[in-house]
Each structure stands twice: as C-alpha cells, then as structure tokens.
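The values are calculated or read from the model by the stated rules, or taken from the named source; none is laboratory data. Only a predicted model underlies this, so the values are computations on that prediction, with no experimental measurement involved. Neighbour counts run over all protein chains shown; Cβ positions are idealised from the backbone, glycine included. Heads up: the accessible areas ignore ligands, DNA and RNA and are worked out on the full protein's heavy atoms, side chains in. Shrake-Rupley method; radii C 1.70, N 1.55, O 1.52, S 1.80 Å.
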Amino acid sequence: RDWSSDVCSSDLKAGEDFFVVEVARAMAEIEPLKMQEAWIRKAIEVANGSSQGKTQYWLGELYADLGWRLFDLRQFEASLAAHNCSLSSYRTLDSQEEIFRASWAIGRLLRQLRRIPEALAWNQALLLEISSNGYLYGRICEEVAECLLSLKGPEAAQAHFARAYQELSQTSVEDRHPLGLKRLKQLGKVE
C-alpha cells in the first residue's frame, strides 16, 4: 500500500497541511535514502500549496533537506537547484543564520561541481558579508581555503585553513569531524 498518497492526499482539511508536512519530514528521516527524496518532495508540494504561514515556513528547511539528499545521491546540479530554492525561502523570512547556512551550501556545491573560481568568489563575498555582521561560520572559511588551495596552492590557503580550524574546533559537535579538523590544523599550520 502506498501510504504516501494517503498522507499527502489533496483532500486536506483546513489546518492539516502543517501536520502533513511534519509527517512527511519524519518519514523522510526513516526511509531508505532513495525514498527520502519522494517524501521531501511531497512535503514541499504541500507547503507550497498551503495558505498557512506556519506551513510555508518549512520551505527553506525542506529544500535544504532535499538538497542534501540529492547531494548524497551525487546529483549535484539538482542539489544546487534545491539549495538555491532554500536560500530564496530563507530570504523571504529574513533569517540571517539560515541565509548564511544556505549560502554556504551553494558555495559548497559550486566547488563540488568544480566551478572553483565561481565558488571562490561566492564564498569570499559571503565571508565578507558575515564578518561585517559580526558573525563567523567556520565552514565558509574552510570553503574559501579549499578553493584557494585548488587555484593558488597551500600558501594562499593557509590563513583560511587556520581560521577554519580555530572556528570549527570550538563549535558544536556536528561541526567537529576529527579527521577534518586534523586536516584543517595541518594545512593551516596551527601549533
């Protein structure tokens, strides 16, 4: 039986769409990777069709979820498109932290797609913007460093690797990947 058609039917009563999106997101978490995309797309469809602001609020996160699922499936162009939708959604909410996170994802995808000069320009502009707002996200420093490493070599990237290491070694557990931190420390020549 296809439960997704029951959960995401078009016969939604007023106010149910928020819960349908929550259920679809939960299903995307427990289903195998190839099925997750379908659940997220159904949630996006419901959220896009909703007249409730609280349901539409999910869109930025849903598009980001879709983007990372597509990334895991190595569908990088589609992932980039989803992250661009995420960024657009977050911009309508004017949520700075989510805007920065979505922007970082776009820069990461540009580098993954080997569009290194474009990725470098994107990430440098983002780094300048967040620094002027008093906010710093170590993953953006890391992206700038990776782009500089690809284009100009280790010396040009060293300071950014060191800055990324300093930021990420002091942040949340999800940002602390021991092998990644070790690499950042080595390339940044941090004592």
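For the reader, a short list of remarks on this structure follows.
- One residue stands out in the range 52-77 among those that are within 12 Å of the chain's Cα centre (by Cα) and among the aliphatic types (A, V, I, L, M): the one that is farthest from residue 100 (Cα to Cα), namely 70.
- Test result for residue 118, more than 26 Å from residue 26 (Cβ to Cβ), open to solvent by 70 Å² or more (accessible area, probe 1.4 Å) and out of contact with any helix residue (DSSP H, G or I) (no Cβ under 7 Å at 6 or more places or on another chain): no
- Within the range 46-59, if we keep just the residues that are more than 16 Å from residue 28 (Cβ to Cβ) and small (Gly, Ala, Ser), the residue that is least open to solvent (accessible area, probe 1.4 Å) turns out to be 50.
- The number of residues in the range 137-189 that are of a type outside the set (S, T, N, Q) and surrounded by fewer than 16 Cβ atoms within 10 Å (Cβ to Cβ) comes to 17.
- Any hit, the range 37-45, residues being open to solvent by 50 Å² or more (accessible area, probe 1.4 Å), at pLDDT 90 or above and either of a type outside the set (D, E, K, R) or within 30 Å of residue 134 (Cα to Cα) (or both): no
- Only one entry of 62, 128, 93 meets the criterion of being buried (at least 18 other Cβ atoms within 10 Å of the Cβ) and hydrophobic (A, V, I, L, M, F, W, C), and that entry is 62.
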